[in-house]
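Here's the structure, in structure tokens; my notes come after.
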Amino acid sequence: MHNPRIGLIIYLFLNSSRVQKKRAILTVASIAWGTLSLLLLLAFGEGIGISTSTAMQGIGKDIAVLWPGTTSLVWQGLPPGRAVRPEIEVIDLLNKRVPGLFGAAGEIQRYSAVIKYGKIGTNATVKGVTWGFGELRNHIPAPGSRFIDPMDERLRRRVAFLGDEIAKKIYGNVDPVGKELLIEKIPYTVIGVMMPKVMMGNYNGMDKDQICIPITTFKAQFGMDRLHTLIIRPDHPEEMGAVLEGVNKVLGTKYGFDPADKRVFGTWDTVESSKSQRNTMTGLKIFLGIIGALTLIIGGVGVANIMYAVVKERTREIGVKMALGARRSWITGPVVIEGMLYTLLGGAIGLLMAMAAIVLLGCIPTEGNEALAMLGKPTLSVPIGLVSAAILGFIGLAAGYFPARRAASINPAETLRYE
Amino acid sequence: MILGSFFNTQKNNQKKENDGVISLKGLSKVYDTGKVKVEALRGVDLAVYSGEMVAITGPSGSGKSTLMNLIGCLDTATSGSYLLRGEEVSGMSREALASIRNRRVGFIFQSFNLLPQISAFENVEMPLIFGGMPKKNRKERVMDLLERVGLSERMDHKPTELSGGQMQRVAIARALAMDPDIILADEPTGNLDTGAGGDIMNLFIELWEQGRTILVITHDPALAKRAPRQVEIRDGNITEDIRRN
């Protein structure tokens, strides 16, 4: 006899007296509004998350940046406090010797070099870089251009790769590729321009304002051959620690310091910092989700409220059904279904509104506005849909359950006697 | 479900004395409102036999409604025993009581208590649906019942489209639907004019003659006098139990 008889519950639901239309519409609207808020907040969280991780990778994916410093440990009779200044050649050495290394690159900077093109003159940071620098530091050449290659480096060619901003500053809307450029009075040929990128975090300025030339050419022109920074990328981001130890071992042997000396290089491990960035983003998403869910709960309270009113209005009807032998679930079932229905209908409308809003927001151009670019494009994803559906379902169930319990506790004897 | 036997007017008027439908022993009911305890019934003993028609009378507040609620399994007694067709009802679960109300008791109320948004047909059908009767049998059954109370023509009408007397007829058809052991009528003519009330009373007499067991609560003396047995309640006790022949 414990057959719940779903068909009967649906029949009873369809045949119970109807709620006033206006009330029902307002209730559904409050749920729709709550759903819209929840979805938009989560979608913005997702958008910010995506643009942040893109921006985090603007400087390069899974890299570590090393600044040579001084030793801090005694080593083979040598005192601490000795400066370590790696030469350009150590990049080849590292690429050959360090296991698990995807690639290493080195750079030397010259700040405020005088740049000239025809009558236009400016100052910019010029970086002498090894050819692997472009890939590691995410300097993607715009279509029709290229980054510095091994031949440029070996032949000490006078070629330059420009950041997108400096290129615009010097050449305006003209394509700079193939044009000539004077760096400290020495002529260079522009071979490439960087694709615009969002960059969060930098050292020594933004890539878009800088000019890259082959490190060998740089050495020939400026006479500097000690690396200012080394860029390291492991094959797998989780092996960063081991690879950095490998780098220390190779360079420790070459320059005579203890490989265990962690303070020879100042290190920026972007894998580590993007991990904490991701945690912050997760925290932000949870926070936004909670705000959205709270808004939705207000809608749920509305549904519960209307269902309480419905149960009160139907007291006699429910009493009659009880007298005719209705079981508890036949009384509670239709109330729960009705509460769920308002919730799900509101949820569906909220979803449609959210999708429309996101399409509209997607039409707003973000180019040239960094704040908007960082806000990202709000994005609805499958997890967001599942989370929202779960919250909605829970709220709908709760909003129907408590009024239904009230319905089941009605004493038929009291409701049936007189008008 | 014995479809045939229901309309068998041949059925007895002379059930044996020991053929008890209702047997109450020391039944009492106390309403505890927290501050005050109200003793609505004080140890009532009553036996109703199959085929009897009993009018229960008494002033308001005498406990007759409480008695009806207990007999109809809408409420449970504080103490005492209630056997319905030999089955102990006191102490049953809510679900079991729901099932008893469905199969064993047919209710008729002063205010009809039809479900307003469904037709006369569907109102009569409701207890059959609760009882789990298959759809194809239901239709025939409901048609028979409505014909029996003279409302076949109006089966598609909603309660609001019916007169008081017609609504009460639908309610009677509904009460008979599951072929219950007892019919419980609570002031069935209270909301009707004299003519319609008389018709309904005649219908009850007719049902009684067909062998139904009927309990009618009323404080209309004329109506009570038409019943072959009259039980009077005062202050939660049975004060009179008259049988007329």
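Restricting to region A:243-262, name every residue that is over 30 Å from the mean Cα position of the chain (by Cα) and among the acidic types (Asp, Glu).
A:Asp258, A:Asp261
Note down all Cβ pairs under 9 Å where the first residue falls in region B:195-207 and is under 14 Å from B:Ala185 (Cα atoms), the second is among the small types (Gly, Ala, Ser) and not in a helix (DSSP H, G or I), and they're at least six residues apart or on different chains.
As it stands, the answer is B:Gly197/B:Gly190; B:Ile200/B:Ala185; B:Leu203/B:Gly150; B:Phe204/B:Ala185; B:Phe204/B:Ala227; B:Ile205/B:Ala227, since those pairs meet every condition given.
Got a number for residues in region B:141-165 being assigned to a helix (DSSP H, G or I), without any contact (Cβ under 8 Å) to a residue 24 or more places away in the chain and within 19 Å of B:Ala196 (Cα to Cα)? Before you say what the answer is, go through the steps one by one.
So in region B:141-165, the residues assigned to a helix (DSSP H, G or I) come out as B:141-148, B:152-154, B:159-161, B:164-165.
Subsequent filtering for residues that are without any contact (Cβ under 8 Å) to a residue 24 or more places away in the chain retains B:143, B:147, B:152-153, B:161.
Filter once more, so that each one left must be within 19 Å of B:Ala196 (Cα to Cα): B:147, B:152-153, B:161.
Of the residues in region B:141-165, 4 are assigned to a helix (DSSP H, G or I), without any contact (Cβ under 8 Å) to a residue 24 or more places away in the chain and within 19 Å of B:Ala196 (Cα to Cα).
Mind checking whether some residue in region A:303-324 is outside any helix (DSSP H, G or I) and without any contact (Cβ under 8 Å) to a residue 60 or more places away in the chain? Don't jump to the end; show me each part of the working.
Taking region A:303-324 as the starting set, the residues that turn out to be outside any helix (DSSP H, G or I) are A:314, A:324.
Then keep just the ones that are without any contact (Cβ under 8 Å) to a residue 60 or more places away in the chain; that gives A:324.
The answer is yes; a qualifying residue exists.
Quick check: anything in region B:90-104 β-branched (Val, Ile, Thr) and not in a strand (DSSP E or B)? Before the answer, list the steps.
To start, the set of residues in region B:90-104 that are β-branched (Val, Ile, Thr) comprises B:100.
Add one more test, that the residue is not in a strand (DSSP E or B), and what stays is B:100.
Scanning region B:90-104, I find at least one residue that is β-branched (Val, Ile, Thr) and not in a strand (DSSP E or B), so the answer is yes.
Tell me whether region A:71-80 contains one or more residues that are surrounded by 20 or more Cβ atoms within 10 Å (Cβ to Cβ) and either out of contact with any helix residue (DSSP H, G or I) (no Cβ under 6 Å at 6 or more places or on another chain) or modelled with pLDDT of 90 or more (or both). It would help to see each step written out before you state the result.
Residues of region A:71-80 surrounded by 20 or more Cβ atoms within 10 Å (Cβ to Cβ): A:71.
With either out of contact with any helix residue (DSSP H, G or I) (no Cβ under 6 Å at 6 or more places or on another chain) or modelled with pLDDT of 90 or more (or both) added as a condition, the list becomes A:71.
Yes, there is a match, as at least one residue in region A:71-80 is surrounded by 20 or more Cβ atoms within 10 Å (Cβ to Cβ) and either out of contact with any helix residue (DSSP H, G or I) (no Cβ under 6 Å at 6 or more places or on another chain) or modelled with pLDDT of 90 or more (or both).
Which of the residues belonging to region B:115-137 are in a helix (DSSP H, G or I), within 14 Å of chain A (Cβ to nearest Cβ) and more than 9 Å from B:Ala177 (Cβ to Cβ)?
So the first thing to find is which residues in region B:115-137 are in a helix (DSSP H, G or I), and the list is B:120-130, B:135-137.
Now restrict to residues that are within 14 Å of chain A (Cβ to nearest Cβ): B:120-130, B:135.
Correct list: B:Ala120, B:Phe121, B:Glu122, B:Asn123, B:Ile129, B:Phe130, B:Lys135.
Can you tell me which residue among A:Ala83, A:Ala105 is at pLDDT 95 or above and either closer than 25 Å to A:Tyr255 by Cβ or touching a Pro at 6+ places or on another chain (Cβ under 8 Å) (or both)?
Numbers: A:Ala83 fails: at pLDDT 95 or above.
That would be A:Ala105, the only listed residue that is at pLDDT 95 or above and either closer than 25 Å to A:Tyr255 by Cβ or touching a Pro at 6+ places or on another chain (Cβ under 8 Å) (or both).
Condition first: in a helix (DSSP H, G or I), polar (S, T, N, Q) and either touching a His at 6+ places or on another chain (Cβ under 8 Å) or in the same structural domain as A:Ile88 (by TED's automatic domain parsing) (or both). Can you find one or more residues in region A:244-257 that meet it?
Let us first name the residues in region A:244-257 that are in a helix (DSSP H, G or I), namely A:244-255.
Then keep just the ones that are polar (S, T, N, Q); that gives A:248, A:253.
In the following step, the residues that additionally are either touching a His at 6+ places or on another chain (Cβ under 8 Å) or in the same structural domain as A:Ile88 (by TED's automatic domain parsing) (or both) were identified as A:248, A:253.
Yes, region A:244-257 contains at least one residue that is in a helix (DSSP H, G or I), polar (S, T, N, Q) and either touching a His at 6+ places or on another chain (Cβ under 8 Å) or in the same structural domain as A:Ile88 (by TED's automatic domain parsing) (or both).
Would it be correct to say that B:Leu146 is more than 14 Å from every other protein chain (Cβ to nearest Cβ) and either surrounded by 17 or more Cβ atoms within 10 Å (Cβ to Cβ) or under 13 Å from the mean Cα position of the chain (by Cα) (or both)?
Details: more than 14 Å from every other protein chain (Cβ to nearest Cβ): yes; either surrounded by 17 or more Cβ atoms within 10 Å (Cβ to Cβ) or under 13 Å from the mean Cα position of the chain (by Cα) (or both): yes.
Here the answer is yes, as B:Leu146 does meet what is asked.
Quick one: in region B:59-72, of everything that is part of a loop (DSSP other than H, G, I, E, B) and farther than 26 Å from B:Glu209 by Cβ, which residue is nearest to the other protein chains (Cβ to nearest Cβ)?
Of all residues in region B:59-72, those part of a loop (DSSP other than H, G, I, E, B) come to B:59-63, B:72.
Now drop any that are not farther than 26 Å from B:Glu209 by Cβ, which leaves B:59-63.
Working: B:Pro59: 16, B:Ser60: 11, B:Gly61: 13, B:Ser62: 14, B:Gly63: 13 Å.
Of everything passing the filter in region B:59-72, B:Ser60 is nearest to the other protein chains (Cβ to nearest Cβ).
In region A:75-96, what residues are part of a helix (DSSP H, G or I) and touching a residue at least 60 places away in the same chain (Cβ under 8 Å)?
The first filter runs over region A:75-96 and keeps only residues part of a helix (DSSP H, G or I), leaving A:90-96.
Correct list: A:Val90, A:Ile91, A:Leu93, A:Leu94.
Residues are listed down the side, and each one gets a yes or a no for (1) in contact with a helix residue (DSSP H, G or I) (Cβ under 8 Å, 6 or more places away or on another chain); (2) within 14 Å of chain B (Cβ to nearest Cβ):
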site	(1), (2)
A:Gly347	yes, no
A:Ala354	yes, no
A:Cys363	no, no
A:Ile384	yes, no
A:Ala390	no, no
A:Arg406	yes, no
A:Ser409	no, yes
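Between a residue in region A:358-371 that is modelled with pLDDT under 85 and any residue that is assigned to a helix (DSSP H, G or I), which pairs come within a Cβ distance under 7 Å, given they are 6 or more apart or on different chains?
A:Thr366/A:Leu372; A:Thr366/A:Ala373
So A:Leu94 clears everything in (1) at pLDDT 90 or above; (2) under 35 Å from the mean Cα position of the chain (by Cα); (3) at positive phi except one condition, right? Which one?
Single failed check for A:Leu94: (3).
Being more than 14 Å from chain A (Cβ to nearest Cβ), within 20 Å of B:Gly20 (Cβ to Cβ) and not in a helix (DSSP H, G or I) is the filter here; which residues of region B:174-214 pass it?
Taking region B:174-214 as the starting set, the residues that turn out to be more than 14 Å from chain A (Cβ to nearest Cβ) are B:189, B:193-214.
Checking which are within 20 Å of B:Gly20 (Cβ to Cβ) leaves us with B:207-208, B:210-214.
Listed by number, the residues that qualify are B:Gln210, B:Gly211, B:Arg212, B:Thr213, B:Ile214.
Answer yes if at least one residue in region B:45-52 is outside any strand (DSSP E or B), surrounded by 22 or more Cβ atoms within 10 Å (Cβ to Cβ) and either of a type in the set (D, E, K, R) or away from every other protein chain (no Cβ under 14 Å) (or both), and no otherwise.
Yes - at least one qualifying residue is present in region B:45-52.
Scan region A:263-278 and give yes if some residue there is within 32 Å of the chain's Cα centre (by Cα), away from chain B (no Cβ under 14 Å), in a helix (DSSP H, G or I) and of a type in the set (Asp, Glu), otherwise no.
Among the residues of region A:263-278, at least one is within 32 Å of the chain's Cα centre (by Cα), away from chain B (no Cβ under 14 Å), in a helix (DSSP H, G or I) and of a type in the set (Asp, Glu), which makes the answer yes.
Among the residues that make up region A:377-388, is at least one of them in a loop (DSSP other than H, G, I, E, B), buried (at least 21 other Cβ atoms within 10 Å of the Cβ) and in contact (Cβ under 8 Å) with a residue 12 or more places away in the chain?
First, pick out the residues of region A:377-388 that are in a loop (DSSP other than H, G, I, E, B): A:377-381.
Still in the running and buried (at least 21 other Cβ atoms within 10 Å of the Cβ): A:378.
Restricting the remaining residues to those that are in contact (Cβ under 8 Å) with a residue 12 or more places away in the chain gives A:378.
Looking for residues that are in a loop (DSSP other than H, G, I, E, B), buried (at least 21 other Cβ atoms within 10 Å of the Cβ) and in contact (Cβ under 8 Å) with a residue 12 or more places away in the chain, one finds at least one in region A:377-388, hence yes.
If you check every pair at least six apart or on different chains, which have Cβ atoms under 6 Å apart with a residue in region B:86-109 that is facing chain A (nearest Cβ under 10 Å) first and a residue that is among the acidic types (Asp, Glu) second?
Within 6 Å, the pairs are B:Arg104/B:Asp181; B:Phe109/B:Asp186.
Taking region A:298-330 as the search range and keeping residues that are within 14 Å of chain B (Cβ to nearest Cβ) and among the β-branched types (Val, Ile, Thr), which one is farthest from A:Tyr342 (Cα to Cα)?
First, pick out the residues of region A:298-330 that are within 14 Å of chain B (Cβ to nearest Cβ): A:310, A:313-330.
Restricting the remaining residues to those that are among the β-branched types (Val, Ile, Thr) gives A:310, A:315, A:318, A:320.
Working: A:Val310: 13, A:Thr315: 21, A:Ile318: 21, A:Val320: 25 Å.
Of everything passing the filter in region A:298-330, A:Val320 is farthest from A:Tyr342 (Cα to Cα).
The values are calculated or read from the model by the stated rules, or taken from the named source; none is laboratory data. Keep in mind that this is a model prediction, so the values were computed, not measured. Glycine gets a Cβ as well: all are built from the backbone with ideal geometry, and neighbour counts include every protein chain shown.
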